1. Looking only at the range B:386-419, which residues are at the interface with another protein chain (Cβ under 10 Å from one of its Cβ atoms) and in contact with a strand residue (DSSP E or B) (Cβ under 6 Å, 6 or more places away or on another chain)?
2. Considering only the range A:313-335, state which residues are in contact with a helix residue (DSSP H, G or I) (Cβ under 9 Å, 6 or more places away or on another chain), at pLDDT below 95 and among the polar types (S, T, N, Q).
3. Name the residue that is nearest to the other protein chains (Cβ to nearest Cβ), counting only residues in the range B:83-97 that are closer than 14 Å to B:Tyr108 by Cα and more than 21 Å from the chain's Cα centre (by Cα).
4. When you go through B:Leu267, B:Leu323, B:Leu241, B:Leu314 one by one, which is the residue that is within 14 Å of another protein chain (Cβ to nearest Cβ) and more than 22 Å from the chain's Cα centre (by Cα)?
5. B:Ser8 versus (1) more than 8 Å from every other protein chain (Cβ to nearest Cβ); (2) surrounded by fewer than 20 Cβ atoms within 10 Å (Cβ to Cβ): which is the lone unmet condition?
6. Output the residues belonging to the range B:50-71 that are within 22 Å of B:Asp85 (Cβ to Cβ), open to solvent by 10 Å² or more (accessible area, probe 1.4 Å) and either out of contact with any strand residue (DSSP E or B) (no Cβ under 6 Å at 6 or more places or on another chain) or polar (S, T, N, Q) (or both).
7. Any residue at all in the range A:103-113 that's under 26 Å from B:Thr347 (Cβ atoms), within 11 Å of chain B (Cβ to nearest Cβ) and assigned to a loop (DSSP other than H, G, I, E, B)?
8. Considering only the range B:184-260, give the helices (runs of 4 or more DSSP H) lying wholly within it that have at least 1 residues that are without any contact (Cβ under 8 Å) to a residue 40 or more places away in the chain, surrounded by 18 or more Cβ atoms within 10 Å (Cβ to Cβ) and among the hydroxyl-bearing types (Ser, Thr, Tyr).
2 protein chains.
Amino acid sequence: MDIIVPRSISGFPEWLPEERIVELKLIDIIRSNFERYGFSPIETPAIENKEILLAKGGNDKEIYGLRRLTGDEEEEDREIALHFDLTVPLARYVAQNYQKLSFPFRRYQIQKVWRGERPQSGRFREFYQCDIDVIGDGELSLLTDAEIPSIIYRIFKEMNIGSFIIRINNRKILQGYLQSLEIFDEKIPVVLRLIDKLEKIGVQRVSSELIEITGLSDFSAKQLIEFASLDYSNEQIIKILRDMKVNEMFDLGVRELATVTEHMVALGVPEEYFRISIGAVRGLDYYTGTTYETVHVDHPGIGSICSGGRFDNLASYFTEKKLPGVGISIGLTRLFSRLLRANILQTGPSTPASVLVTSLDSNRIISYMQIATKLRDAGLNTEVYFEPKKISVQLKYANQKGFAFVVIAGSSEFEKGTVQLKNLKTGEQREISENNISSTINKELDELKRAGF
Amino acid sequence: MDIIVPRSISGFPEWLPEERIVELKLIDIIRSNFERYGFSPIETPAIENKEILLAKGGNDKEIYGLRRLTGDEEEEDREIALHFDLTVPLARYVAQNYQKLSFPFRRYQIQKVWRGERPQSGRFREFYQCDIDVIGDGELSLLTDAEIPSIIYRIFKEMNIGSFIIRINNRKILQGYLQSLEIFDEKIPVVLRLIDKLEKIGVQRVSSELIEITGLSDFSAKQLIEFASLDYSNEQIIKILRDMKVNEMFDLGVRELATVTEHMVALGVPEEYFRISIGAVRGLDYYTGTTYETVHVDHPGIGSICSGGRFDNLASYFTEKKLPGVGISIGLTRLFSRLLRANILQTGPSTPASVLVTSLDSNRIISYMQIATKLRDAGLNTEVYFEPKKISVQLKYANQKGFAFVVIAGSSEFEKGTVQLKNLKTGEQREISENNISSTINKELDELKRAGF
């Protein structure tokens, strides 16, 4: 028979068990924090009608449509495609289930999405998005905007990924500023994209391109760049902004930003974890007020690990109801793969079990099973080694997979009603009563955890 | 602007938050039990190369291929498709990562799969499979086959879905029996499919078709049907089988079945939860020894809610290594939707939070936030109601979403350092010190749980 040699498809990540265990741990942290703040889980199908995905001008070159591999193609197949984000499906979901939902509707969604991008520079074609959004019915309190960063803070703190900064901004501020310079409408996104390039291409080039596009004077261009680069404490920036009094739009943005940052502190986000960043303008096309970006201090190259903001109307394509909202998305797959490569996250065991019950004596297999059953009943993840192999092979297997404990028992132990318990992290082995296995392991597991194993 | 009215696509299930919360609870139960037995998580991409999916003769009419929605189609896109199960991807994964895995390789996988079936009679096109398999390198102890049913038992017991029966069988027994009747090779699956129809079309029709296909005598056909319908206690059936001594294949199957059932009991599966069923032959084409089916006693119409068995060689299409294995798959989406419809599973709250902190006084919003932060720090899932609405609206919202508790505080409470704590399940309301909120709620939550709320 011909063997088909399996190969990975570029852009579709896949992990070894020891890596997936770490990824799952991150997902669990994200989920438990989303739930801690009262976000309800939903899941939408991976597949949506094409017209839904394209309603808002989705990039159709990046969307994977479906087709029957062979056989007659059904009409319906031509009309469906894989979702490329979780926001468009949310809009469809809220419009469709409007009567059945309670507002403000707080939902989280942790799912894979697909984009047919060229898989270059660490871009994935299949990846996890972890989203929360709060959707109001007609209106939504600005205080919601203050809650979002406290969730971001808790998640990355618990992930223990090192130093990060939440950049907070309000779109209305720059928009007001640009309006005061008579820059309007379609020119605004062009200018914002230029400002976003400040770090990359430098003040000189941004300035000359700004002047070319907008006709601004050298002086105004310089002032605009200085404004976008404001780098003071949050308190000082708020004070500077309050004193500027550019126009109504600007002042409204400043008031909103001040309210949001003030309440963020009350919700437990330490000052040193967020920074007002007027130049943080990514995604400003979509957002209408507060915006968030989060960067890893030691690895800014990862880009924003969590972005989002406030929008005026979630689902204008699918319903006439006005549904304002605020939310964020964590691009988990990229974050995880980068942190793993940078060794900020380390892999550990390739098994979720702490205990391996070895089998020394094939006539005693029922006793080994009973020991395992007791450990499982006590909440301990336990595997029994069933293969009739030498104990050295069994111990090698235990070490390779990273079990913390092995239980060993032969006829001499069974006579006494004891087992040998070997702690593979410390190397210690001792004989304990069969009745004390789970309590001893639980105690030693706590100690190992405290010692950072 | 034209509104696109969102509609569901047939065969792609989607749940309301209160339903998804129950589905997630089932997934959590499945996952924690898989981990309890030391199965390691893996996840394979939803998308595989076509040649991988078709290697084993996958039904290409049911496979969803991909295409770029518009724009130039890349060569590569033609070659990829959505996976239709988790077994083929597992085979590819094990072959590809053989050097990096420890054997026996125990893995679980809980993922969506896609099949382009006609969405009739409750068939889904997108659904969850929850799989475990143990893969040996060259060989795999038969005792592993005994462990699988104890996992099934624990899972459905914990799900609290009512009475279920694990039907256990060994393919070698019927195969040996058929060989003794000189029924070989390609006739075996035809006969097995007939036997599978016994309940549906009755003894008479099965018998006459049997005779037509195989040329068996009336007497032999009658005996075969009687044999496939054996209905005694497990112990009695094993005794009957042992006495029969049909041929070597048959006796090997009986010895294997006896070993497996004997050890199942040691692993904690009560006798009344499994039944040796010689006629349970579904999927016998693929399996080579032990097989499992699980049926809901009160809702047999759901079909098998968990099936699997032993196979000789997982990945013969992708590697020359011999990789025997045993595993099962739970078709979660169908199980969940049927149990929900049959009211065996009931939905509860549409929020994962237990506590709603209401906001009576907009000047005190920071205090409400601080109360919520304390509750969250104590591990309680908590939402703050930020909208400036009347308390009656806030309480209505709390009742709709199913919070167990609301915290209410106005100026008189703040002066005293107290809050009003209302238990929405019992209707009780009392004033307690601000310092005791989380401890009081935790205690009352325990009581509610014990009372079955």
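1. Hits for the range B:386-419 are B:Ala398, B:Phe403.
2. Hits for the range A:313-335 are A:Ser316, A:Thr319.
3. Restricting to residues being closer than 14 Å to B:Tyr108 by Cα and more than 21 Å from the chain's Cα centre (by Cα), the top hit is B:Tyr93.
4. Unique residue meeting the criteria: B:Leu323.
5. All conditions pass for B:Ser8, except number (1).
6. Across the range B:50-71, the qualifying residues are B:Glu51, B:Leu54, B:Ala55, B:Lys56, B:Gly57, B:Gly58, B:Asn59, B:Asp60, B:Lys61, B:Glu62.
7. Yes, the conditions are met somewhere in the range A:103-113.
8. Once the helices (runs of 4 or more DSSP H) in the range B:184-260 are filtered for at least 1 residues that are without any contact (Cβ under 8 Å) to a residue 40 or more places away in the chain, surrounded by 18 or more Cβ atoms within 10 Å (Cβ to Cβ) and among the hydroxyl-bearing types (Ser, Thr, Tyr), what remains is B:198-214.
The values are calculated or read from the model by the stated rules, or taken from the named source; none is laboratory data. This one's a predicted model, so the numbers in the text were calculated from it and none came from an experiment. Neighbour counts run over all protein chains shown; Cβ positions are idealised from the backbone, glycine included. Note: accessible area is taken over every heavy atom of the protein model, side chains too, but ligands, DNA and RNA are not part of it. Shrake-Rupley method; radii C 1.70, N 1.55, O 1.52, S 1.80 Å.
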